Amino acid sequence: QVQLVESGGGLVQAGGSLRLSCAASGRTFSSYVMGWFRQAPGKEREFVAAISRSGGSTWYADSVKGRFTISRDSAKNTVSLQMNSLKPEDTAVYYCAARYSSSYSYTPNGYNYWGQGTQVTVSS
C-alpha cells in the first residue's frame, strides 16, 4: 500500500560521496519506519540504516557508522542516505524499505514494502 522508488546510485571512486534518495507514495509516509538495506553479489541482504517515524531517532550498522547519515523529509515524502568516505566494500545494490510500525527492525523480513534498488559501485 506504499510505493518506493530509489535514485542517486552510480559509480564513484574510493573516498568519494553519494546521496541516495527514496520517494514514497500511496499512504501516509509518517506511519512508517524507513530503512536502507544493501546486497552485494554472492551476499545476503544486510541492514544499513533506519530512521523513526518522527525522524528523531536513527540506527546504523557498525560498518557504516560515522560515514553514512539517514534522514527523512515528511513534507516531501522522501528518505535519504548520505554516504561519505565510500569504500569498495560498500559496492552493492541499495534498497529503500518501509515498516508499518513504531519500532526499528534490523532484518529484511521486518519491512513491508521495498523499492526496486539502485546500484552503487565504488572503484579502488
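Scanning the stretch 39-87 for residues that are touching a residue at least 60 places away in the same chain (Cβ under 8 Å), open to solvent by less than 60 Å² (accessible area, probe 1.4 Å) and not polar (S, T, N, Q) turns up F47, L81, M83, L86.
Of the numbered criteria (1) modelled with pLDDT under 95; (2) out of contact with any Cys (no Cβ under 9 Å at 6 or more places or on another chain); (3) crowded, with 18+ Cβ neighbours inside 10 Å, the one A92 fails is (1).
Filtered by the rule that a residue be within 18 Å of I70 (Cα to Cα) and either among the basic types (K, R) or outside any strand (DSSP E or B) (or both), the stretch 1-39 gives G8, G9, G16, S17, R19, F29, S30, S31, Y32, R38.
A single member of V2, V64 is over 13 Å from the mean Cα position of the chain (by Cα) and of a type in the set (V, I, T), and it is V2.
When the stretch 1-22 is filtered for residues that are open to solvent by 40 Å² or more (accessible area, probe 1.4 Å) and modelled with pLDDT under 95, the ones remaining, listed by number, are Q1, Q3.
When the residues of the stretch 95-119 are filtered to those that are closer than 15 Å to R19 by Cβ and out of contact with any Leu (no Cβ under 6 Å at 6 or more places or on another chain), the one that is surrounded by the most Cβ atoms within 10 Å (Cβ to Cβ) is T118.
The values are calculated or read from the model by the stated rules, or taken from the named source; none is laboratory data. Being a predicted model, the structure only gives us computed values, none of them experimental. Glycine gets a Cβ as well: all are built from the backbone with ideal geometry, and neighbour counts include every protein chain shown. Note: accessible area is taken over every heavy atom of the protein model, side chains too, but ligands, DNA and RNA are not part of it. Shrake-Rupley method; radii C 1.70, N 1.55, O 1.52, S 1.80 Å.
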